[in-house]
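The values are calculated or read from the model by the stated rules, or taken from the named source; none is laboratory data. Quick caveat, the model's predicted, so the values are computed rather than measured. Cβ coordinates were reconstructed from backbone atoms using ideal geometry, including for glycine residues, and neighbour counts include every protein chain displayed.
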Amino acid sequence: MQTASTSQASLPPSARNDSAPRKTALQSLDAQAALLPYALVFFGVALPIFTWACSFATDRVWMTASFAIFAVNWAVFYAIIDWLKRHPDQQANVERRTRIHIFGGLLWAGALAQITWVALGAGPAREPLLLLAAGGAAACIFFSAPNMAALLIVTPAAAAAPLLALHSDPSSQTIGRLALGGIALVMALSLIFNRLLRRTFAMTNAHDALLEERARSLDEAEQMAKTKSDLVSTLSREIRTGLTGIADTLGAAGAGGRSATTREQLNAALGSAQDLIAVLNATLDTVGAESGDLDLEVQPLDIAAIAREAVGMARPLAAAKGLELNVHADEGLNEAGAVVADPTRTRQILANLIANAIKYTVRGRIEVRLEPPTEGRIRLEVADTGPGLTPGELEQAFQPFQRIARTGAGVPGAGLGLSLSRRLAALMKGELSAESALGVGSCFRLDLPFDASVHPGPPASATDVDSASTRRALRVLIAEDDPLNAAMLRAALEQLGHHVLHAQDGRRAVELAQVCDIDLFMLDGHMPEMDGAEVARAVRRLQGASARAPIVAVIGGDADEASAFADVGVSQALRKPVNVASVARAIASTFNEEPPRLKAAS
């Protein structure tokens with residue numbers, strides 16, 4: 001009826017993480033097992049009395065059988081204990097342990113039935129032997145008390161034989177009623193004992209849960225403090241460097257400058273600004289991924305087209321360093337199916353891997369390879385002939401805010417690219433891994449889900465805009481109160497061949513929409529007079545073609561700002577700071593399809 005004791009600390013993690021009822025059941029079984037030594041003492045003390053009573057029995061065969069049953073019970077008991085000691089993994093199996101406990105209790109109930117049978121032929125020892133059997137039944141009830149299932153099953157099985165035997169003879173019915181009252185009292189006390197134990201276990205579990213929650217909160221606080229420290233340290237260094245470069249260039253170009261700003265100086269300032277934007281974007285994405293606020297739009301992708309697009313955009317930078325950059329992809333891949341992932345984040349991961357390869361490779365070549373799909377996955381590799389990394393350095397490279405001193409000296413960045421890319425891959429149910437060898441190079445592998453039953457739609461990119469609407473020049477009304485943001489957006493649109501009207505606030509944007517035919521609105525989220533969402537509602541209430549023109553929300557990455565546009569008929573959301581590629585993708589997506597909900601292009 002009992003098994004070896006097991007503490008919660010010795011249980012495997014799967015058992016420790018079980019639900020509260022399962023934990024309580026394990027603790028009840030452990031409590032019942034803890035009573036085992038006392039049960040053995042009780043039956044050991046009762047054995048001489050039983051032997052004395054059996055000496056009055058006339059049937060020696062039944063007496064021998066009774067001793068045999070006792071021997072079998074003890075042997076089975078110790079076999080169970082020994083088996084559990086040799087198989088500690090079974091200690092957490094609640095169902096099996098419960099069955100073992102019930103089986104052990106029923107064994108002793110069978111022994112009590114045998115004692116009762118012997119007592120019927122024991123002559124003057126009949127009543128003492130039946131009382132002994134009734135006392136054994138009370139002991140079985142008590143030792144089954146911690147486990148409710150064992151208590152409810154073992155109690156009637158153990159008490160039935162002695163109580164029926166006492167009530168079957170009129171001379172012992174009075175003693176039978178006393179025995180019945182005693183067993184009922186033991187049963188009531190056992191139920192109370194069981195209830196108190198379960199409440200105690202519940203309080204213990206609640207206390208343990210509070211301790212675990214406290215420890216987890218402390219770990220999260222320490223991790224947050226470390227992340228904040230690393231973030232402040234990295235951003236302060238990178239922002240100071242970038243702003244210093246920009247300020248020096250602008251200072252040289254100011255009225256007090258002694259010489260005109262050269263093209264090299266402007267390129268250096270532009271590079272510093274782009275590095276600063278990349279650091280800020282990576283930081284915002286990392287924070288969003290950590291907090292769970294990063295929205296993904298999973299859809300079938302033409303991964304080969306995305307790879308060729310990323311290589312095409314990075315090829316000028318590779319050529320400037322004298323590096324060969326090639327892409328190898330099967331032309332018939334789309335016939336086999338499609339990658340199912342977020343297009344923006346897939347481009348972001350691939351662009352980061354290629355940029356890292358170009359950044360750290362001094363000479364040689366970089367190859368982007370797309371392997372054939374296998375078992376619902378497809379692998380995209382970015383291999384370079386760079387300096388290579390040791391296993392320790394490779395592990396460090398995937399940690400946030402970690403830079404490899406040997407290869408990263410003098411190279412800008414926050415050390416977030418690889419860690420963010422791995423997290424984005426995991427969010428898309430993919431995986432980012434790598435291998436590297438010193439002096440040979442590195443190979444980064446992006447595995448993404450591949451579905452053979454779907455096929456990708458036409459890609460929307462900055463270099464290949466497949467839309468009749470976007471091949472013509474559009475009349476675009478931009479509403480932006482920040483002069484720098486407005487200038488960047490205007491420059492991108494004009495570079496793509498579109499005509500631009502600029503309103504510095506929301507009210508002016510509505511006035512221009514009333515008198516001009518507009519093909520596309522691009523609205524800032526926060527503006528004086530009227531914000532972007534209010535402008536969108538006002539435009540939709542107008543008469544004429546402008547009221548039906550698509551609207552692109554230009555937001556700063558704030559989730560609340562994006563949600564404000566979600567219910568006012570906005571086609572796309574474009575995150576600041578903008579560039580030609582992101583603007584082209586947003587326009588292409590706007591005219592190629594009508595998304596069911598707000599999408600983010602970056």
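Please determine, by comparing only the residues of region 517-552 that are modelled with pLDDT under 85 and acidic (Asp, Glu), which one is nearest to Ser589 (Cα to Cα). Result: Asp531.
Within region 513-526, residues that are over 14 Å from Ala503 (Cβ atoms) reach partners that are part of a loop (DSSP other than H, G, I, E, B) with beta carbons closer than 6 Å, at six or more positions or on different chains, in the pairs Asp519/Leu474; Asp519/Ala549. So is Leu151 of a type in the set (A, V, I, L, M) and touching a Gly at 6+ places or on another chain (Cβ under 6 Å) or not? No: the conditions fail for Leu151. Applying a threshold of 8 Å to beta carbon distances and a minimum spacing of six or more residues, or different chains, the list of pairs starting in region 530-550 at a residue that is over 14 Å from Asp567 (Cβ atoms) and ending at one that is among the polar types (S, T, N, Q) reads Val539/Ser546; Leu542/Gln514; Ser546/Gln514; Pro550/Ser571; Pro550/Gln572; Pro550/Thr590.
When Ala320, Ala355 are checked against the criterion of being without any contact (Cβ under 8 Å) to a residue 40 or more places away in the chain, over 28 Å from Ser453 (Cα atoms) and of a type in the set (Gly, Ala, Ser), Ala320 stands alone in meeting it. Of the residues in region 179-197, at least one is part of a helix (DSSP H, G or I), farther than 30 Å from Ile115 by Cβ and modelled with pLDDT of 70 or more.
Residue-wise test of (1) within 26 Å of Ala79 (Cβ to Cβ); (2) surrounded by 21 or more Cβ atoms within 10 Å (Cβ to Cβ).
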| position | (1), (2) |
| --- | --- |
| Ala122 | no, yes |
| Ala125 | no, no |
| Pro128 | no, no |
| Ala139 | yes, no |
| Phe142 | yes, no |
| Asn147 | yes, yes |
| Val154 | yes, yes |
| Ala157 | yes, no |
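When restricted to residues that are surrounded by fewer than 19 Cβ atoms within 10 Å (Cβ to Cβ) and outside any strand (DSSP E or B), region 497-507 contains 4. Among the residues in region 313-327, are any part of a helix (DSSP H, G or I), at pLDDT 85 or above, in contact with a strand residue (DSSP E or B) (Cβ under 6 Å, 6 or more places away or on another chain) and among the charged types (D, E, K, R)? Checking region 313-327: at least one residue is part of a helix (DSSP H, G or I), at pLDDT 85 or above, in contact with a strand residue (DSSP E or B) (Cβ under 6 Å, 6 or more places away or on another chain) and among the charged types (D, E, K, R). If you filter region 373-389 down to residues that are out of contact with any Lys or Arg (no Cβ under 9 Å at 6 or more places or on another chain) and either closer than 27 Å to Lys429 by Cβ or touching a residue at least 60 places away in the same chain (Cβ under 8 Å) (or both), you find that the one that is surrounded by the most Cβ atoms within 10 Å (Cβ to Cβ) is Ile378.
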